[in-house]
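Student: I am attaching a structure below and will ask some questions about it afterwards.
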Amino acid sequence: AVTTTLTPPATEAKQSEEKLGRNWIRLDKDKNGQTIGMQTAIVHYVPVKPAVSENATQPGPAISVDLVAAVHVADAGYYEQLNRRFEKYDAVLYELVAPEGTVVPRGRGTSNANPLGAMQNGMKEILDLDHQLEKIDYTKKNFIHADMSPDQFMQSMKDRDESFLTMYMKLMGEALAQQSGMAAKGESPDLDLIAAFFSDDRPRRLKILFAKQLADVEGLLAGFGGEEGSVLITERNKAALKVLKEQLASGKTHLAIFYGGGHLVDMDARLRKDFNLQPSDITWLTAWDLRPKH
């Protein structure tokens with residue numbers, strides 16, 4: 001696996017060690033149980049092997065699809081690793097709600113005019129991280145836009161009778177239920193935040209706290225998938241996999257889908273059902289290095 005001076009090496013695990021396709025962001029801990037990193041998954045999918053028969057035809061070209069979990073603010077070394085990995089694919093399908101033909105210039109960043117962008121920029125500054133749109137090279141010829149346009153997104157919300165308010169309320173409801181469960185176990189995010197602010201190791205403690213919250217949010221977003229899910233996950237995933245089908249039909253055989261972790265539980269199910277693919281192995285990349293600085 002690729003390593004850099006900024007980010008610990010990737011770690012790999014076989015199917016027997018992981019519930020592949022279920023977990024996309026995790027906290028990495030050392031042998032003493034201390035959090036040393038936040039990691040994102042790359043899961044490798046291959047065709048399900050058909051039963052062998054006497055009249056079996058010659059196999060077609062071997063195809064594979066990697067689901068690559070994205071985290072939108074991270075260490076620069078993490079994005080350097082991804083840029084190098086992306087070079088090996090015939091096509092990298094990426095998420096971005098934008099008009100068809102949009103070109104993402106190198107180092108573009110995201111605007112504070114968008115509430116989500118403003119939140120990501122705030123995290124970037126507070127935690128000394130970099131933004132995905134600044135560091136990932138979307139100008140590469142193998143990068144393919146695989147998402148909705150703003151007009152398609154808004155029309156799909158209208159068709160589903162959804163609004164940003166209803167999605168926000170659903171997310172808040174699930175978050176409150178999760179917090180109640182934490183309280184029942186004696187855990188308190190508010191107390192953890194106060195403790196982090198008054199810690200001698202404040203920057204690292206804050207990053208660990210935010211890493212836990214980010215992993216939780218990605219888990220909550222997974223609940224927006226499925227046929228009865230939402231435009232945010234379900235319909236955008238359908239758009240991405242429509243592009244995947246087109247790219248496979250064009251003869252490309254080694255592809256990656258680079259999407260936020262909250263999308264990938266639903267996308268895993270669709271690859272299994274609609275493309276007859278199954279996960280074979282997983283690689284974990286450290287997005288946030290949370291080791292103590294000595």
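The values are calculated or read from the model by the stated rules, or taken from the named source; none is laboratory data. Just so you know, these numbers come straight off a predicted model, no measurement behind them. Note: ideal-geometry Cβ built from the backbone for every residue, glycine included; neighbour counts use all protein chains shown. Calculation scope for accessible area: heavy atoms of the full protein, side chains included, ligands and nucleic acids excluded. Shrake-Rupley method; radii C 1.70, N 1.55, O 1.52, S 1.80 Å.
Student: I'm checking my understanding of the structure. Among residues of segment 279-294 that are open to solvent by 10 Å² or more (accessible area, probe 1.4 Å) and in contact with a Gly (Cβ under 9 Å, 6 or more places away or on another chain), which one is farthest from ASN83 (Cα to Cα)? Give the derivation first.
Tutor: So the first thing to find is which residues in segment 279-294 are open to solvent by 10 Å² or more (accessible area, probe 1.4 Å), and the list is 280-281, 283, 289, 291-294.
From what's left, in contact with a Gly (Cβ under 9 Å, 6 or more places away or on another chain): 289, 291.
Numbers: ASP289: 18, ARG291: 23 Å.
Among those residues, the one meeting the criterion is ARG291.
Student: May I pose another question? Just the residues that are under 22 Å from LEU264 (Cβ atoms), of a type in the set (S, T, N, Q) and open to solvent by 10 Å² or more (accessible area, probe 1.4 Å), please, taken from segment 68-106.
Tutor: Result: ASN83, single match.
Student: Take the residues in segment 244-269 that are open to solvent by 20 Å² or more (accessible area, probe 1.4 Å) and in a helix (DSSP H, G or I), then tell me which one is nearest to VAL68 (Cα to Cα). Break it down into steps so the answer makes sense when it comes.
Tutor: Kept after step one, since they are open to solvent by 20 Å² or more (accessible area, probe 1.4 Å), are these residues of segment 244-269: 245-254, 265, 269.
From the residues that got through so far, the ones that are in a helix (DSSP H, G or I) too are 245-249, 265, 269.
Working: LYS245: 17, GLU246: 19, GLN247: 17, LEU248: 18, ALA249: 21, VAL265: 12, ALA269: 15 Å.
If we take residues in segment 244-269 being open to solvent by 20 Å² or more (accessible area, probe 1.4 Å) and in a helix (DSSP H, G or I), then VAL265 is nearest to VAL68 (Cα to Cα).
Student: Applying the selection to segment 18-77, what residues are assigned to a strand (DSSP E or B), modelled with pLDDT under 90 and more than 16 Å from the chain's Cα centre (by Cα)? Walk me through how you get there before you give the answer.
Tutor: If we filter segment 18-77 for residues that are assigned to a strand (DSSP E or B), which is where we start, we get 25-29, 35-47, 64-70, 73-74.
Imposing the further condition that a residue be modelled with pLDDT under 90 reduces the set to 35, 73.
The one that is assigned to a strand (DSSP E or B), modelled with pLDDT under 90 and more than 16 Å from the chain's Cα centre (by Cα): THR35.
Student: Mind telling me which of the residues THR234, THR286 ends up being at pLDDT 95 or above and either part of a loop (DSSP other than H, G, I, E, B) or not acidic (Asp, Glu) (or both)? First the steps, then the outcome.
Tutor: Values: THR234 fails: at pLDDT 95 or above.
After applying the criteria, what remains is THR286.
Student: With the requirement that a residue be within 18 Å of the chain's Cα centre (by Cα) and open to solvent by 30 Å² or more (accessible area, probe 1.4 Å), what does segment 228-243 give you?
Tutor: Scanning segment 228-243 gives LEU232, GLU235, LYS238.
Student: Could you give me the residue pairs with C-beta distances under 6 Å whose first residue belongs to segment 237-249 and is in contact (Cβ under 8 Å) with a residue 12 or more places away in the chain, whose second residue is part of a helix (DSSP H, G or I) and open to solvent by 20 Å² or more (accessible area, probe 1.4 Å) wherever it lies, and which are 6+ apart or on separate chains?
Tutor: Partner pairs satisfying both residue conditions: LEU241/ARG270.
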